[in-house]
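Before any comments, here is the structure.
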Amino acid sequence: MMRSASLTLFGAAIFLVACQSTAVPEAPGRADLSADLVRLTVPGPPKSAEGECWASDVTPMVIETVTEQVMVSDARRGPDGTVLSPAVFRSEIRQKIVQEREEIWFRSPCPQEMTVDFIASLQRALKARGFYVLPLTGEMDFPTRSALRRFQAERGLESDRLSLTAARELGLVTVDLKKR
């Protein structure tokens with residue numbers, strides 16, 4: 001009798017667990033910041049709604065150096081096939097532009113939001129992720145910009161200016177749940 005009651009309770013517990021909602025919110029993923037980049041053909045920030053702010057940066061030119069060995073003269077061979085003098089080569093070095101510099105634009109927190117407390121929170125968030133190792137200062141100084149650049153570069157944006165998407169991923173600004 002005891003065994004039957006245990007099985008009944010176990011079955012009821014399984015049933016209740018199965019009836020509960022299984023909707024679990026998704027953990028935030030790693031943002032692709034390159035998807036937020038805007039490249040313009042005219043100067044100035046993109047047109048935007050009231051209260052939206054933009055930041056810009058210049059991507060570096062990427063130059064590839066190619067070194068090639070070019071034969072100047074063939075090897076001279078004797079009638080029996082032995083090498084009388086080896087081939088002569090020289091090195092040619094040339095550079096090729098792989099990617100031009102360009103100005104990029106991306107949404108960012110507005111300047112009035114970049115308070116001492118906000119920047120300290122940015123430093124704290126970067127520190128929690130292993131990008132910032134110094135004491136919190138609340139200043140957007142070189143170590144903070146360097147840590148921010150490393151964080152954003154892993155996500156496709158080579159900039160030391162905070163993007164809005166990175167700020168959202170770091171938990172510094174609100175996320176519009178309607179767009180998700």
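The H on the amide N of Asp160, modeled in the peptide plane, is under 5 Å from the matching H of no residue at least 5 residues off or on a different chain. Relative to a virtual label point 7 Å from the Cα of Ala75 in the Cα→beta-carbon direction, which members of region 84-119 show backbone nitrogen distances below 17 Å? Backbone N within reach: 84-90. Of the residues Val62, Val70, the one with the largest accessible area comes first in the ranking Val62, Val70, computed with a 1.4 Å probe on protein heavy atoms. Translational diffusion coefficient of region 51-111 (Stokes-Einstein, Kirkwood radius from Cα pairs, 10 °C, 1.306 mPa s): 96 µm²/s. Loop-located trypsin sites (Lys or Arg not before Pro) in region 54-131 (DSSP state other than H, G, I, E, B) with a sparse environment of at most 11 neighbouring Cβ atoms within 10 Å: Arg101.
Our note on the geometry: Cα centres of region 126-164 and region 31-82, 25 Å apart. Take the Cβ atoms of Ser146 and Leu40, set R0 to 35 Å, and the FRET efficiency comes out at 0.80.
The values are calculated or read from the model by the stated rules, or taken from the named source; none is laboratory data. Since this is a predicted model, take the numbers as computed values, not measurements. Cβ: placed from backbone, ideal geometry, glycine included. Neighbour counts: every protein chain shown. Keep in mind that these areas ignore ligands, DNA and RNA; they rest on the heavy atoms of the full protein, side chains included. Shrake-Rupley method; radii C 1.70, N 1.55, O 1.52, S 1.80 Å.
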